[in-house]
1. Anything in the stretch 145-156 that is buried (at least 17 other Cβ atoms within 10 Å of the Cβ) and either more than 16 Å from the chain's Cα centre (by Cα) or of a type in the set (Val, Ile, Thr) (or both)? List them, or say none.
2. Can you tell me which residue is farthest from the chain's Cα centre (by Cα) among those in the stretch 109-142 that are among the acidic types (Asp, Glu) and closer than 20 Å to Arg165 by Cα?
3. Does Leu137 satisfy the criteria of being free of Cβ contacts under 8 Å to residues at least 40 places away in the same chain, outside any helix (DSSP H, G or I) and surrounded by 14 or more Cβ atoms within 10 Å (Cβ to Cβ)?
4. Return the residues of the stretch 1-51 that are among the hydroxyl-bearing types (Ser, Thr, Tyr) and under 24 Å from the mean Cα position of the chain (by Cα); say none if nothing qualifies.
5. What's the total number of residues in the stretch 81-105 that are in a loop (DSSP other than H, G, I, E, B) and either assigned by the TED database to the domain that holds Ser148 or closer than 20 Å to Val139 by Cβ (or both)?
6. Kindly list, by first and then second residue, each pair from a residue in the stretch 146-168 that is more than 13 Å from Lys114 (Cα to Cα) to a residue that is of a type in the set (A, V, I, L, M), limited to pairs with Cβ atoms under 7 Å and residues at least 6 apart or on different chains.
Amino acid sequence: RGMAVSEVSKPLLDAFLRLLDLLDEPESVPILAPMVQREIAYRLLTGEQGARLRQIAAAGSHSQQIARTIDWLKENYSQQLKVEALAKQAGMSTSTFHHHFRSVTAMSPLQFQKWIRLHEARRLMLLDRLDATSAALQVGYESPSQFSREYSRLFGAPPLRDIKRLHQTARPGEAQLGA
């Protein structure tokens, strides 16, 4: 649920490769990229998952309303979440909203917000080198211990150990030199 997988057709793959090949010709990008992007959109919409994509994009559809809610959550993940307010914003009852949100994301709105918060906190610790408490507070957690528990549950290790492992994985030579 929430995700669909299909085999990529050769014409779609060829279009993606042509788009990537344009990186070698920066002067051609403004002219050719929009045409290739249009071809990719056409092939996606007429492919095996086309009906699903059209439903998501259809103005006023439940999927499109959920997509707008997801965009809002991505921008406002640190705010306290009121599901009733999100449902009202999407023009649905709370139970209908929950049903459609779960069908699109395979998560409840609260689980989705938590997922976004934890990934953003991980990014802040990894790239901005924030400590776990600062990252937790910045993404909207009020309790560092709750953050650490949920982080460990999602990523399989406490924040400090996970970030240290990621740094070592990113620079294996450095980790060996420091040992």
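1. Phe147, Ser148, Glu150, Tyr151
2. Selected residue: Asp131.
3. So Leu137 fails the test.
4. Ser6, Tyr42
5. Result for the stretch 81-105: 2.
6. Correct list of pairs: Pro159/Met125; Pro159/Ala132; Leu160/Ala132; Ile163/Met125; Ile163/Leu126; Arg165/Ala157; Leu166/Leu126; Gln168/Ala175.
The values are calculated or read from the model by the stated rules, or taken from the named source; none is laboratory data. Quick caveat: nothing in here was measured; it's all calculated off a predicted structure. Don't worry about glycine lacking a Cβ; one is built from the backbone with ideal geometry, like all the others, and counts go over all protein chains shown.
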